[in-house]
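Notes follow the structure.
Where a number appears in this text, it was derived from the coordinates with a stated rule and is not lab data. Here the structure is a predicted model, which means the values were calculated and not measured. All Cβ positions, glycine included, derive from the backbone under ideal geometry; neighbour counts span all protein chains shown.
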Amino acid sequence: MADLASSPYMLLVLVASAFTLPLVFVWWIRNTRRIGRPPMPVVLKAFAWGAVFSVLMALVLEVLLGAAAQSAGPLYVFLSKHFTDPETIFLVVVLAPFVEEAAKAVSARVGKPVARARVDGLVFGAAAGLGFSATENLLNGLKVLTDAGGSASAFLAVIVIRSFSASLLHASATAVTGYGLATGWLTRRPYAFLPYYLVAVTMHATYNFLASFGETFTQYGDLGTLVGFGAAVLFAVVAVTLVRYKLAYRRPTPVR
């Protein structure tokens with residue numbers, strides 16, 4: 001920890017390691033389009049907004065709404081009947097998906113002026129989601145680093161694991177919202193994004209539930225943790241593969 005506090009170069013390495021793979025994924029997803037790719041500067045702007053603005057927005061809303069929800073007795077009574085840790089289930093599976101997908105959607109809106117097809121929304125949404133995930137990965141890695149016995153290798157392990165799991169989920173879920181946003185922009189139906197947003201929330205909640213399966217159902221031990229996390233990673237990989245398929249092999253949906 002002394003090195004981290006005293007060396008700006010060490011901090012730079014940590015930030016670079018958290019952001020490198022998400023930025024590679026931005027390039028990968030944006031370049032999946034064979035023609036008519038959205039301009040890279042705007043895609044990177046969506047990434048930057050996701051990394052800063054959406055993270056701050058989500059943190060504030062989750063604190064405020066989480067505190068307000070503690071007074072919602074019936075909700076916790078319902079969750080406590082089905083889960084041993086109702087507070088974690090509420091925060092991870094209910095609150096976080098709704099708040100974070102909304103926060104990332106705000107950043108995806110930076111692509112509105114240059115959107116020419118609905119699939120452009122997939123790219124802007126994925127970029128915003130990857131920016132969000134980069135900062136989230138950094139914060140989670142720093143938490144591991146500051147824990148007793150934390151090390152740079154543990155930090156890097158968290159970054160790599162999350163980059164191939166949570167980052168892909170954030171990219172694919174917010175890509176769905178972005179597709180809905182672009183549909184609204186091009187058809188002048190401002191609420192057209194709502195069904196897509198709800199799909200993104202469902203995707204996010206499903207991933208979070210799978211990823212926290214071992215922690216929630218402790219009776220299954222390490223096997224539950226391994227199976228749940230494996231299922232979560234598979235879910236994220238399949239989701240981002242479908243997004244890329246839509247970009248690569250589907251013609252832009254005509255606007256009516």
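With R₀ set to 35 Å, the beta-carbon distance separating residue 160 from residue 37 gives a calculated FRET efficiency near 0.80.
Taking 0.36 nm per residue of separation and subtracting the Cα-Cα distance, full extension of the segment from residue 222 to residue 242 would add 4.2 nm.
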